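Asks: Shown below is the structure under consideration.
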Amino acid sequence: MGISVSAALSLLALSASSYASSNPFFNMGGQGVNFWKLDKMEKDARQGAVRVQGAAGAEFEPQFFRQPLDHFNNETGDTFLQRFWVSTRHFKPGTGAPVIVLDGGETSGEDRLPYLDTGIVDLLAKNTGGVGVILEHRYYGESIATMNLTTDALRFLNNEQAAADSANFMANVKFDGIDEDLTAPNTPWIYYGGSYAGARSAHMRVLYPDLVYGAIASSGVTEAILENWEYMEIIRTGADRQCMSHIENSVVMIDEILAEGHFSQQLKALFGMQNVTHDVDFVSVISNVLGAWQSKNWDPAVNSLSFDRFCTAINAPLNSSFTDANNLPFNHPKRMVRITDGFAVDFAIINYGNYTKEHVASRCPASRTQDDCFGTFDDSAFQHTGLDQDWRLWQFQVCTQWGFYTTPPPDPKHPRIISRLLTLDYLSKLCKQAYLPGERFVVPTQPNITQVNDLGGYAIAADRLAIIDGQVDPWRPCTPHADEAKPRRDTTLRPFKLISGAVHHWDENGLANTTAEPPVIQEIHAQEVEFVKAWLKDFKAKRN
């Protein structure tokens, strides 16, 4: 049963407004799993919640395409059904119109259906007379490939197999209700993806140039990085300056108090975290809200307000005595709040603690200890392998090929908004805890990020491959628009566009009334339509 567009967007907004743990791409190690569990527990407790199955009623019914489990050595002949959805509302048969396929990436394909209705897929299909498709990634959603999520069962979840899925799909799919053969390479296929799927889009253009006629990589993280400290650096420099100054100074003071040790428990109590045993788990919990920056969006219907609400709380005066405190240097006597004899903290830490108490600590049920909710040192807590433990999917890809551990800056003198305790060892220990050695596969000590970066990394490029990124996207340092990457020209054949003020793949969603979109979104959408139409003019079918 489907629901209306407005209802679907409302539910997406509800999801986006929760903490960063709702986005599997924000890498918090074991703490991310803890928040996933809290999210799931709260979702299960909400009775009668509506399940999003389509952004426009029953218009987009799921279809399935049979794929081999192993494209390269399928001795057993095992297969699975890959789910996809099709929009033919704009299709003009017999005109050589393209297929616009959106890669579902590291989530259920259902989450991408709004883009088939009013987003980038509908936009490009409408302007080209093409067919729109959402293709779900293997292992995600209902494209289940195995009976469980053990280490051995997950060994087929990798870049190479997923890319081969897409290639096999493009070359062989038959769409219900369409008699015309729309397979590649005889039909132009335009591949789109955002974030991880954006990297896949770029990789597909490089790996399968005969099948993928053109591709758009939006916020595509083509450079896999082990210690992804610049994720927080983009937030630190791009968010409200006053708020970030408070967090920078608070984190330094928090680290100093924890290192000294005498007032660690009193400090944790300010955050409602006095029963979290390990200091590193404590600082991991309180950094979680910062990832909400990634969920900011130009469309109020899907925008997350969590980050802005957090900063409002951090900047607020405690009372009339602190009205002008924001204008005083950190640690100024008039900013300090006495907790006990010999222990006082800046008022910003009090605000930080109060926010955490209300929005994080309160989520831990009375029936569970705080270490149950927020601890990461109990290996057994991460070893359930049922299909319902879908956090294991993206995390497996992190541990084997992608990395992206959100560490502090390597230079201890560099300003930071997360604790220095959040080391690579802490963030990556989940890989050993969660994925016990199997009989056929063992998770490597560190992810093999060269398997990603050998496909081009920062320098990935090809004709008819568009690179679209956001100026203040925390993932920009992993894209070809990173400061470390070489500058490029923006051309029709190789578009290279940076959306001013944008965060994460802001071009992916859209409105039915495109004139109601902000000018910056109207502009990038118009440019995408323009260069895709220009690409299509040069297409020549490769028929035998």
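Asks: Please report the net charge: other residues with Cβ closer than 15 Å to the Cβ of VAL206, K and R +1, D and E -1.
Replies: For residues surrounding VAL206, the net value is -2.
Asks: Just to verify a number: what accessible area does CYS364 come out at with the full protein assembly present, 1.4 Å probe, Å² rounded to tens?
Replies: So the heavy atoms of CYS364 present about 20 Å² to solvent.
Asks: Can you send over the carbon and sulfur percentage of the accessible area for the chain, probe radius 1.4 Å, protein chains only?
Replies: Using a 1.4 Å probe with all protein chains present, the chain comes out at 51 percent carbon and sulfur.
Asks: Can I ask one more? For ARG66 and ASP454 in one chain, what is 0.36 nm times their gap in residues minus the Cα-Cα distance, to one decimal in nm?
Replies: Contour length minus Cα-Cα distance gives 136.7 nm.
Asks: Quick one: if you take sqrt(5λ) for each eigenvalue of the C-alpha gyration tensor of segment 291-386, what semi-axes come out, biggest first, whole angstrom?
Replies: Values for segment 291-386, descending: 32, 23, 11 Å.
Asks: Between MET147 and THR277, what is the label-point separation in nm under the 7 Å Cα-to-beta-carbon projection?
Replies: For THR277 paired with MET147, the spin-label model returns 3.5 nm.
Asks: Here is a further query. So, by mean Cβ neighbours within 10 angstrom, what's the order for 507-516, 337-346, 195-204 with the highest one leading?
Replies: Top of the packing list down: 195-204, 507-516, 337-346.
Asks: Can you work out the FRET efficiency for the pair LEU493 and THR514, with r the C-beta to C-beta distance and R0 = 25 Å, to the nearest 0.05?
Replies: Efficiency for this residue pair is about 0.45.
Asks: What FRET efficiency do you get for GLU256 and ASN315 if R0 is 22 Å and r is their Cβ-Cβ distance, rounded to the nearest 0.05?
Replies: Working from the Cβ atoms, E equals 0.45.
Asks: Among (1) 102, 54, 47; (2) 85, 54, 48; (3) 120, 92, 54, which is the computed Cα extents along the principal axes in Å?
Replies: After the calculation, the listed value that fits is (2).
Asks: Using a basic spin-label model with each label point 7 Å from the Cα along Cα→Cβ, how many nm lie between ASN186 and GLN383?
Replies: 5.4
Asks: Taking the highest mean first, how do the peptides 525-537, 419-431, 70-82 order by number of other beta carbon atoms within 10 angstrom per residue?
Replies: Result, highest mean first: 419-431, 525-537, 70-82.
Asks: With each pseudo-label sitting 7 Å past Cα toward Cβ, what's the LEU226-ARG241 distance in nm, one decimal?
Replies: Roughly 3.7 nm, to one decimal.
Asks: Helix-only estimate, please: 222 nm mean residue ellipticity of the chain, summing -39500 (n - 2.57) across DSSP H runs of length 4 or more and dividing by its residues, to the nearest 500.
Replies: Counting only the DSSP helices, I get -10000 deg cm²/dmol.
Asks: Hey, what's the chain come to in accessible area per residue, 1.4 Å probe, Å²?
Replies: 41
The values are calculated or read from the model by the stated rules, or taken from the named source; none is laboratory data. None of the values given here were measured: they were computed from a predicted structure. Neighbour counts run over all protein chains shown; Cβ positions are idealised from the backbone, glycine included. The area values use the complete protein model at the heavy-atom level, side chains included, leaving out ligands, DNA and RNA. Shrake-Rupley method; radii C 1.70, N 1.55, O 1.52, S 1.80 Å.
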